[in-house]
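The values are calculated or read from the model by the stated rules, or taken from the named source; none is laboratory data. Quantities reported herein were computed from a predicted structural model and do not represent experimental measurements. Methodologically, a virtual Cβ is constructed for each residue, glycine included, from the backbone with ideal geometry; neighbour enumeration extends over all protein chains shown. To get the accessible areas, we keep the full protein, side chains included, count just its heavy atoms, and leave off ligands, DNA and RNA. Shrake-Rupley method; radii C 1.70, N 1.55, O 1.52, S 1.80 Å.
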Amino acid sequence: QAQVQEAGGGLVQAGGSLRLSCTASGSIFSIDTMGWYRQVPGKQREWVASITTDGDYQYSDSVKGRFTISRDTSKNTVYLQMNSLKPEDTAVYYCLVGSPPFDYWGQGTQVTVSS
């Protein structure tokens, strides 16, 4: 059974930092791209960052320069280091694991940034 487990969310003051992690396990093979999305109530899920097996990464403009995505391929784990957090970063953060032709989502982890 495929499992995608996020961890590391929480409550932080504006300007603070959090580090999210996401590990894929079970019947997930040949992982390609791993990434992070976020969603606030009433809005569509928004792409945040992604990283390929080769280490190529991309960021949305809203987080560029503040967030860093990294990956430990040997552990099927992706990280999101979030610095200089803003109240508008408050959302549920979801991990996406791409294993063509399938995509696997985690259950989400709440990040709340207080002003």
### Fluctuation leader among 42, 98, 55 - the chain, Gaussian network, Cα springs under 10 angstrom
42
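For the chain, give the percent of accessible area contributed by carbon and sulfur heavy atoms, probe 1.4 Å, rounded to a whole number. Intermediate results must be reported in sequence, preceding the final value.
Details: 2970 of 6240 Å².
Within the chain, the accessible surface is 48 percent carbon and sulfur.
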### Proximal charge balance of residue 71 [Cβ under 12 Å; K/R count +1, D/E count -1]
-3
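Over the chain, what number does the Rg to Rh ratio reach, with both radii from the alpha-carbon atoms and Rh per Kirkwood? Provide the component values of the computation, followed by the final result.
Values: Rg = 13.5 Å, Rh = 14.1 Å.
Across the chain, the Cα-based Rg/Rh ratio is 0.96.
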### Query
Top mean-square fluctuation among 24, 49, 14, Gaussian network model of the chain, C-alpha springs under 10 Å?
14
### Query
Measuring from centroid to centroid over Cα atoms, what is the spacing of region 1-60 and region 67-111 in Å?
1 Å
### Per residue accessible area of the chain, 1.4 Å probe, in Å²
54 Å²
### Task
List the lysines whose Cα lies under 27 Å from the Cα of residue 86, skipping any in the same chain that are fewer than 8 positions away.
43, 64
### Query
Ordering 46, 6 from largest to smallest accessible area (1.4 angstrom probe), what's the sequence?
46, 6
